[in-house]
Amino acid sequence: MIKIFIVFYFFLLFLVILFYFFEPIENFDKNRFFKFKEKIQSKEIKNIYFWKTHKTGGSAFNNVLHRLAFKLKMKKIKSFQDLKVEGPKFFGQHAIHNPTIAERIFPRKNSLYITILRNPVDQFLSRMNYRPFEIEIFENYFKSFYHLPNNFTRLKSNKTNIKRFKCYMRNDMSYDLGYVECGGIYNGSKDKLIEKFNTDFDLILLNEYFDEGMILLKNLLNISYEDVVCLSVNERVTIPTKKQREMVEKILPKMSNADYILYNYWKSQYEMISYHLKDEIKILKKLNKNYQEKCTIGRKESFFFENVPYKAYVLDKNVPKYLKNMCWLLTRTDAEIQNIHFWSNHSFNQK
């Protein structure tokens with residue numbers, strides 16, 4: 001009798017755990033994923049405002065954005081002085097976000113506001129290793145900033161502009177978003193920060209859930225899978241060391257409080273919504289793979305801005321004629337696709 005009771009007890013416990021962890025996912029309404037989704041859908045979207053945070057995968061999304069903008073005949077805003085630009089327009093660059101200034105050119109009533117986040121440790125390590133010739137001084141600046149043993153004094157004479165490093169040391173993404181000062185700590189309420197963030201942006205992408213974000217964009221704007229196909233064009237050459245990761249993981253989660261508040265909140269949202277998008281994600285992943293196989297024949301080392309190495313795709317010269325424009329666009333870097341010559345010298349063919 002006691003054995004039966006014990007088995008029954010553990011069976012009930014199992015059901016409780018199952019209900020607790022899986023029932024909310026099954027019943028999660030993906031329309032709730034956007035806090036203001038009804039408001040967004042009531043807009044007649046004419047403009048797209050993408051606030052590009054550093055080292056988060058923003059360059060990959062910029063490729064999607066530029067292709068979409070070209071297809072929809074959007075004009076590119078390069079400066080917030082461009083107040084006289086009329087018609088559909090878009091923005092996708094680095095700066096410090098200021099919603100008051102942004103709304104002068106991108107009215108809330110007809111503009112989609114987008115940004116992207118990434119695991120703060122991975123984002124920081126990507127920063128650290130972005131320029132191989134600066135890794136040593138970057139790493140020692142980090143150690144000096146957090147009072148760890150370092151060789152920063154010996155490296156101060158380096159010609160590198162080290163003042164900018166301060167802004168990277170904590171809450172780097174939140175600094176881009178305008179929520180903290182350069183290298184600052186967030187001192188406000190967690191709930192207020194999340195509310196502010198969710199008010200400022202309609203769609204928040206996550207690097208680790210990039211495909212899910214593309215599916216949400218597709219469904220939100222009623223565009224095709226082809227429109228959100230994306231290849232990883234900026235594959236880095238320098239990989240963070242185990243020692244670097246261990247060092248950063250000990251400190252950053254305690255110090256980059258604003259970044260972690262925003263990232264953890266949206267990570268929890270994507271963990272729930274991902275379940276409902278799994279079938280669409282399979283389609284997109286298959287399409288991405290097909291384009292990679294049809295358009296490219298491997299990678300080679302190339303350089304951003306003359307001195308930043310990365311692994312670039314090598315275009316297959318034998319791609320069918322109808323795919324040439326699409327393949328060319330899919331394999332462009334952020335710098336290349338933003339070049340003004342792109343708009344005048346290339347056409348978007350989606351046959």
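What spacing in nm lies between the two simple spin-label points modelled at H94 and K294, each 7 Å away from Cα in the Cβ direction?
Each label point lies 7 Å from its Cα, and together they span 3.4 nm.
Using a Förster radius of 41 Å, what is the FRET efficiency between L148 and S268 based on their Cβ-Cβ separation? Nearest 0.05, please.
Numbers: r = 32 Å, r/R0 = 0.77.
In this case the efficiency is close to 0.85.
Taking +1 at the Cβ of each Lys and Arg and -1 at the Cβ of each Asp and Glu, which of I261, I239, M272 sits farthest along the dipole of the stretch 233-289 towards its positive end, judged by Cα position relative to the Cα centre?
The one lying farthest along the dipole's positive direction is I239.
What are the radius of gyration and Dmax of the stretch 50-207, computed over its Cα atoms and given in Å?
When restricted to the Cα atoms of the stretch 50-207, Rg and Dmax are 17.8, 55 Å.
Would you report the distance distribution of C-alpha pairs in the stretch 222-279 as whole percents per 5 angstrom bin, up to the bin with the largest distance?
Cα pair-distance distribution for the stretch 222-279, in percent: 4, 12, 10, 13, 20, 21, 12, 6, 2, 0.
Two decimals is fine: what is log10 I(q)/I(0) at q = 0.14 Å⁻¹ for the stretch 282-321, from a Debye sum with one equal scatterer on every Cα and no solvent?
Log-scaled intensity ratios, in q order: -0.42.
Considering only protein heavy atoms, with the full assembly of protein chains and a 1.4 angstrom probe, order E181, E235 by accessible area, largest first. It would help to have the intermediate numbers written out before the result.
Details: E181 145, E235 70 Å².
I get E181, E235, largest accessible area first.
Between the stretch 226-286 and the stretch 42-104, what's the alpha-carbon centroid distance in Å?
So the two Cα centres are separated by 22 Å.
For the stretch 208-253, what is the accessible area per residue in Å², given a 1.4 Å probe and the full set of protein chains? Don't skip to the end; give the middle numbers.
Working: 2130 Å² over 46 residues.
Value for the stretch 208-253: 46 Å² per residue.
Between E103 and S302, what is the spin-label point distance in nm, taking each point 7 Å from the Cα along the Cα→C-beta axis?
Result: 4.0 nm between the two label points.
What distance in nm separates the two pseudo spin-label positions at E44 and Y275, each 7 Å out from Cα along the beta-carbon direction?
So the label points at E44 and Y275 sit 3.9 nm apart.
Could you work out the Rg to Rh ratio of the stretch 153-273, with Rh taken as the Kirkwood radius (inverse of the mean 1/r over all Cα pairs)?
Taking Rh as the inverse mean 1/r over Cα pairs, Rg/Rh reads 1.03.
Between L287 and K75, what is the FRET efficiency for a Förster distance of 30 Å, r being their Cβ-Cβ separation, to the nearest 0.05? Could the numbers behind the result be given before it?
Values: r = 28 Å, r/R0 = 0.95.
Once the sixth-power term is evaluated, E becomes 0.60.
So how strong a dipole does the stretch 185-321 carry about its Cα centre when Lys and Arg Cβ are +1 and Asp and Glu Cβ are -1, to the nearest 20 debye? Kindly include the intermediate steps, with their values, before the conclusion.
Working: 22 positive and 20 negative charges, 115 e Å.
With only Lys, Arg, Asp and Glu charged at Cβ, the dipole is about 560 debye.
Roughly speaking, what is the stretch gain from V237 to N110, that is 0.36 nm per residue apart minus the C-alpha to C-alpha distance, in nm to one decimal? Before the final figure, lay out the partial values.
Details: separation 127, 0.36 × 127 = 45.72 nm, distance 4.01 nm.
That pair, V237 and N110, stretches by 41.7 nm at full extension.
In square nanometres, what is one fourth of the surface area of the convex hull spanned by the alpha carbons of the stretch 200-351? Before the final figure, lay out the partial values.
On the way: hull surface 48.1 nm².
Result: a mean projected hull area of 12.0 nm².
How much net charge surrounds N62 when only other residues with a Cβ under 10 Å from its Cβ are counted (Lys, Arg +1; Asp, Glu -1)?
Working: positive: K52, R67, R332; negative: D334.
Result for the neighbourhood of N62: +2.
Go from 0 up to the bin containing the longest alpha carbon distance in the stretch 169-234, width 10 Å each, and give me the % of pairs per bin.
18, 36, 29, 16, 1
Say the cut-off is 18 Å between C-alpha atoms; which of K46/K218; K89/K109; K218/K317; K218/K311; K46/K89 go over it?
Details: K46/K218 15 Å; K89/K109 14 Å; K218/K317 30 Å; K218/K311 28 Å; K46/K89 7 Å.
Beyond 18 Å between Cα atoms: K218/K317; K218/K311.
The values are calculated or read from the model by the stated rules, or taken from the named source; none is laboratory data. Everything numeric in this text was worked out from a predicted model, so none of it was measured. Every residue, glycine among them, receives a Cβ derived from its backbone with ideal geometry; neighbour counts consider all protein chains shown. Calculation scope for accessible area: heavy atoms of the full protein, side chains included, ligands and nucleic acids excluded. Shrake-Rupley method; radii C 1.70, N 1.55, O 1.52, S 1.80 Å.
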